[in-house]
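Enquirer: Got a structure for you, questions after.
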């Protein structure tokens, strides 16, 4: 599963989705759409480069910092319709990954 999660984080899984919590986006917002997009790009870069502790062998949860803001990412596993949890997260054919990037307080 770690390899499948890495593919999702790296943007190599075309079925995966990445979402930001509204709390994190509000904290990052500087009032300029272009700057907000650049901030989101910095977050994506940090998420793709983050390290994982021994407590996350599936590499599905990590903490990192961008622009002085501590945040975390969590990967959840859904069926192919994004309606229910996946019955077999290790099976890429029947699992869709959703990466949520948030402030720790949003979890």
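Taken together, the values in this text are just the output of simple stated rules run on the coordinates, not laboratory data. These figures come from a predicted structure and were not determined experimentally. No Cβ is skipped: glycine too gets one built from the backbone with ideal geometry, and neighbour counts run over all protein chains shown.
Enquirer: Which value, in Å³ per residue, describes the convex hull spanned by the Cα atoms of the chain?
Expert: Numbers: hull volume 11.7 nm³, N = 107.
Here the figure is 109 Å³ per residue.
Enquirer: Ranked highest first by average number of other Cβ atoms within 10 Å, how do 29-37, 77-85, 54-62 line up? Don't skip to the answer; put the middle values down first.
Expert: Values: 29-37: 10.1, 77-85: 12.2, 54-62: 13.9.
My ranking of the peptides, most packed first, is 54-62, 77-85, 29-37.
Enquirer: Going by alpha carbons, how many degrees (0 to 90, nearest 10) lie between the helix axis of 33-49 and the longest principal axis of the chain?
Expert: 50 degrees
Enquirer: Which of rounded, prolate, oblate describes segment 16-67, given a ≥ b ≥ c as roots of the alpha-carbon gyration tensor eigenvalues and a/c under 1.5 marking rounded, otherwise prolate only if a/b is larger than b/c? All intermediate terms of the calculation are to be shown ahead of the outcome.
Expert: Numbers: a/c = 2.43, a/b = 2.27, b/c = 1.07.
It is prolate, given that a/c is not under 1.5 and a/b is the larger ratio.
Enquirer: In deg cm²/dmol and to the nearest 500, what is the mean residue ellipticity at 222 nm of the chain if only DSSP H runs of at least 4 residues count, each as -39500 (n - 2.57), divided by the residue total?
Expert: Details: 3 runs with 32 residues, N = 107.
After summing the helix terms and dividing by the residues of the chain, the value is -9000 deg cm²/dmol.
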